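This report refers to the structure that appears directly beneath it.
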Amino acid sequence: MKNIKDTYHDSIIYLLLKSIAIKKSESFDRQKIESLQKRRLTKLLKHALTHSRFYKKYYNSHGITLDDINKVELSDLPIITKKIMMENFDDLVCDSRLKRMELERFVTDPENHGKKFQDRFQVVHSSGSTGTPGIFVYGPRDWTILKALILTRVTKSKINLTQKQKLAFIGAVDGHYAGISLAQAAPSQLFKFLPLDINAPLESTLKRLNTFQPDYLGGYASGIGLLAQEQINGKLHIAPKGISCSADPLTPRIRKMVTQAFGIDPINLYAASESIGIAAHCGARHNIHLFNDWHCFEILDKNHNPAEPGEFGNLILTNLYNYTQPLIRYRMDDEVAIDDHPCDCTWPFQTIKEIAGREEDFLWVETADGRREFIHPIVMVEFMVPGLAGMQVLQKARNSLTIKAVISGDEEKTVELIRKRMTQILEKKQLQNTVHFDVEVVDKIRNDVKTGKYKLVIPMI
């Protein structure tokens with residue numbers, strides 16, 4: 001149950017105050033941003049060492065205690081991975097009410113879609129591009145800071161308490177995924193919201209959008225690209241004032257099509273379940289800026305040394321606003337290259353040259369009447385059932401899929417849940433009678449022989 005403090009952190013007043021503070025920090029210079037970042041890191045470390053059994057034990061084993069916090073450097077702290085986080089979940093979180101097994105049951109129960117855990121915690125889940133499931137929990141304060149960050153720097157919404165703005169989101173909407181969780185949390189005092197399932201038949205999506213007429217359009221870049229093509233084809237007739245793309249790559253082709261269709265240059269939002277507001281395009285749309293005031297970012301090469309500007313390295317994330325489930329020096333799956341050239345906008349934040357390792361392939365299949373249809377790869381990225389420890393989807397023939405599954409726990413029950421979830425995905429696309437799949441239980445999913453890298457989705461060539 002929410003207490004008075006939670007109610008305040010959930011309020012529109014707290015959201016407005018945080019939005020004002022976030023807007024103000026955009027005028028800081030880099031030195032002031034670094035100072036703010038350092039203070040927030042120190043405060044987060046004190047909180048984690050006080051309230052997280054895992055961090056206290058983990059850091060103590062590396063010779064780091066509360067007494068060292070004011071002098072410790074970020075690079076002195078040990079890195080954690082999703083595997084470490086999930087194996088130690090109950091001890092890592094800073095609230096004893098949060099238990100991994102209960103949360104996994106909560107997010108996989110369709111009755112809980114759109115709800116908060118215990119009416120307090122926002123829960124996000126994702127398998128990510130590695131196919132390894134993860135649970136990420138935000139408390140009321142954490143979640144409102146995130147919403148303020150997105151409202152201020154991505155949608156750039158002007159607060160109007162007398163007239164609600166219309167917001168539409170296209171993506172995976174039938175679960176506790178990052179994108180839909182944040183979009184549907186848009187304050188009801190400010191927004192009317194329309195969720196659009198990326199896996200729904202396109203005709204119904206176009207009809208709903210034409211009726212709704214959104215002021216803002218957000219969602220998966222590939223989904224917005226499809227809508228842009230339909231606008232160009234004359235089947236969609238909307239005029240949004242702002243568009244933001246996330247989840248999958250905003251390619252030059254999609255950007256050009258969106259601009260042609262809607263007369264708007266879309267904002268590219270870099271988001272993940274670990275933090276749904278990592279970075280975004282500035283107002284000039286020239287660069288993607290990392291939000292250094294609310295995160296610490298490190299880009300490390302294969303030898304775990306800082307990568308040179310322009311060179312790709314593994315992104316190590318420290319989320320400075322999530323006090324419920326602290327992620328400190330957390331290794332992301334993504335590879336990022338930093339740009340050392342200053343942006344000509346007014347933002348003081350560091351810029352990204354390029355993001356790699358976030359693209360999967362569409363699974364193109366054939367409908368009963370011979371049309372081409374797709375299964376969006378993000379549906380597989382966000383595929384999750386209890387007991388599934390890892391997965392890979394292989395397209396063996398045009399309408400034949402094999403799901404390779406690494407299972408921890410009850411194999412028979414987990415396979416049944418995988419079949420049920422995949423059947424639901426196919427039913428939404430009306431493909432349940434034309435696309436067939438089997439589940440193959442394996443001990444380990446091997447990397448691609450040619451590239452040496454893991455692939456979640458392997459389509460037909």
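The values are calculated or read from the model by the stated rules, or taken from the named source; none is laboratory data. Being a predicted model, the structure only gives us computed values, none of them experimental. With ideal geometry, Cβ positions are generated from the backbone for all residues, glycine too; neighbour counts draw on all protein chains shown. These accessible areas exclude ligands, DNA and RNA; they are computed on the full protein's heavy atoms, side chains included. Shrake-Rupley method; radii C 1.70, N 1.55, O 1.52, S 1.80 Å.
Considering Cα pairs under 8 angstrom that are at least six residues apart, work out the relative contact order of the chain and quote it in whole percent.
15
Along the charge dipole of the stretch 7-55, Cβ charges K/R +1 and D/E -1, which of I33, I20, L49 sits furthest on the positive end?
Value computed over the given set: L49.
If I stretch the segment between I79 and R253 completely, what's the gain in nm (0.36 nm per residue apart, minus their alpha carbon distance), one decimal? Mind showing how you got there, number by number?
Values: separation 174, 0.36 × 174 = 62.64 nm, distance 3.67 nm.
Between I79 and R253, full extension yields 59.0 nm more.
When only alpha-carbon atoms count, how far does the stretch 312-449 stretch along each of its three principal axes, as whole angstroms with the largest first?
Its Cα atoms span 54, 39, 33 Å along the three principal axes.
Please arrange K82, K32 by accessible surface area, largest first, computed with a 1.4 Å probe and ligands excluded.
K32, K82
Over all directions, the average projected area of the alpha-carbon convex hull for the stretch 1-146 comes to how many nm²?
Working: hull surface 43.1 nm².
If you wrap the Cα atoms of the stretch 1-146 in a convex hull and average its projections, you get 10.8 nm².
Using a 1.4 Å probe, how large is the accessible area of E416, given in Å² and rounded to the nearest 10?
120
Please tell me which of these pairs span more than 24 angstrom C-alpha to C-alpha: K83/K444; K18/K56; K56/K99? Kindly include the intermediate steps, with their values, before the conclusion.
Details: K83/K444 14 Å; K18/K56 30 Å; K56/K99 18 Å.
From the list (K83/K444; K18/K56; K56/K99), the Cα-Cα distance tops 24 Å for K18/K56.
Can you give the relative contact order of the stretch 302-461 as a percent, counting alpha carbon pairs under 8 Å and 6+ residues apart? Please list the in-between numbers first.
Numbers: 243 pairs, mean separation 29.0, N = 160.
For the stretch 302-461, the relative contact order is 18 percent.
If you wrap a convex hull around the alpha carbons of the stretch 33-119, what volume per residue comes out, as a whole number of Å³?
129
When only alpha-carbon atoms count, how far does the stretch 401-441 stretch along each of its three principal axes, as whole angstroms with the largest first?
Largest first, the stretch 401-441 extends 32, 15, 11 Å along its Cα principal axes.
Can you figure out the FRET efficiency of Q432 with E102, using R₀ = 25 Å and their beta-carbon distance, to the nearest 0.05? Before the final figure, lay out the partial values.
Details: r = 31 Å, r/R0 = 1.24.
With a Förster radius of 25 Å, E is 0.20.
I'd like the accessible area for I458, computed on protein heavy atoms only with a 1.4 Å probe and all protein chains in place. Round to 10 Å², please.
50
Along the three principal axes, how long is the stretch 167-259 when you take its alpha carbons, biggest first, rounded to the nearest angstrom?
In descending order, the Cα extents are 33, 28, 25 Å.
What share of all Cα pairs of the chain, in percent, falls into each consecutive 20 Å distance bin?
Calculated over all Cα pairs of the chain, the distribution is 24, 60, 16, 0 percent.
Expressed as a whole percentage, what fraction of the accessible surface of the chain belongs to carbon and sulfur atoms when a 1.4 Å probe is rolled over the protein heavy atoms?
Working: 10650 of 21210 Å².
It is 50 percent, rounded to a whole number.
Compactness ratio of the stretch 381-461: Cα Rg over 2.2 N^0.38 Å, N = residue count? Could the numbers behind the result be given before it?
Working: Rg = 12.8 Å, N = 81, 2.2 N^0.38 = 11.7 Å.
The value comes to 1.10.
Can you give me the P(r) profile for the stretch 255-298? Cα pairs, bins 5 angstrom wide beginning at 0, each as a whole percent.
Percent of Cα pairs in each bin: 6, 21, 23, 21, 14, 9, 6, 1.
Restricting to Cα pairs below 8 Å that are 6+ residues apart, what does the relative contact order work out to for the stretch 231-313? Please round to a whole percent. Numbers along the way, then the final one.
On the way: 91 pairs, mean separation 14.4, N = 83.
Over the stretch 231-313, the number comes to 17 percent.
Calculate the spin-label point distance for T65 paired with K156, positioning each point 7 Å from the Cα along the beta-carbon direction, and give it in nanometres.
About 5.1 nm separates the two model spin labels.
Suppose we keep just the DSSP beta bridges with both residues in the chain; what percent of those would be antiparallel, to 5?
Values: 43 of 70 bridges.
Among the beta bridges of the chain, antiparallel pairing accounts for roughly 60 percent.
What ratio of Cα Rg to 2.2 N^0.38 Å holds for the stretch 54-213? Numbers along the way, then the final one.
Details: Rg = 19.3 Å, N = 160, 2.2 N^0.38 = 15.1 Å.
For the stretch 54-213, the normalised Cα radius of gyration is 1.28.
Give the percent of DSSP beta bridges with both residues in the stretch 204-346 that are antiparallel, rounded to the nearest 5. Provide the component values of the computation, followed by the final result.
Values: 18 of 25 bridges.
Around 70 percent antiparallel, to the nearest 5.
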